[in-house]
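Working notes for the structure below.
All of the numbers you see were taken from the coordinates with simple rules; none came from a lab. Quick caveat, the model's predicted, so the values are computed rather than measured. Positions of Cβ are backbone-derived with ideal geometry, glycine not excepted, and every protein chain shown enters the neighbour counts.
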Amino acid sequence: MTMMPNVVQFQPHLSSPAGRAWRPAQVRRPRLLVEAARAGLPNYRRKRDLRRILRGEEIPQPGAALRRLLAEEDRLDQSRREAEADYDVERHVLLLIAIMAESILALPQPVARRNGPSAAPVTFPGTAIRARP
């Protein structure tokens, strides 16, 4: 029987300009919180959930909300560690879900290649066959 630690590490994707100011080695949170957030991730709807988490403000561009979400989550984690009466575990899980989802959205998206007659031909160096005159 193996022992499983009750604290896990996860690395938010912080490749956006908003996330570059916050560079922890890793975020360490209780396993139950991280697993609950991972379980809720497929049900995350940005328009609905981010507005509720940010308390009714306009929805920012992907990646722009990360700094605020991380600051709020850090405040809640301090409340949890100090066993304060105003700690809200539901809000903490919602913030972790939003951080995970927003960090995924902040990653650079690959550019879709256009198909059709207007699409540029793809050539690779050294593979073109010269036309004969």
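Here is how the numbers come out for the structure above:
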{"quantity": "Sorted peptide list for 59-68, 74-83, criterion being average Cβ within 10 angstrom, highest first", "calculated": "59-68, 74-83"}
{"quantity": "Net lengthening on full extension, residue 28/residue 89 (0.36 nm per residue, minus Cα-Cα)", "calculated": "20.4 nm"}
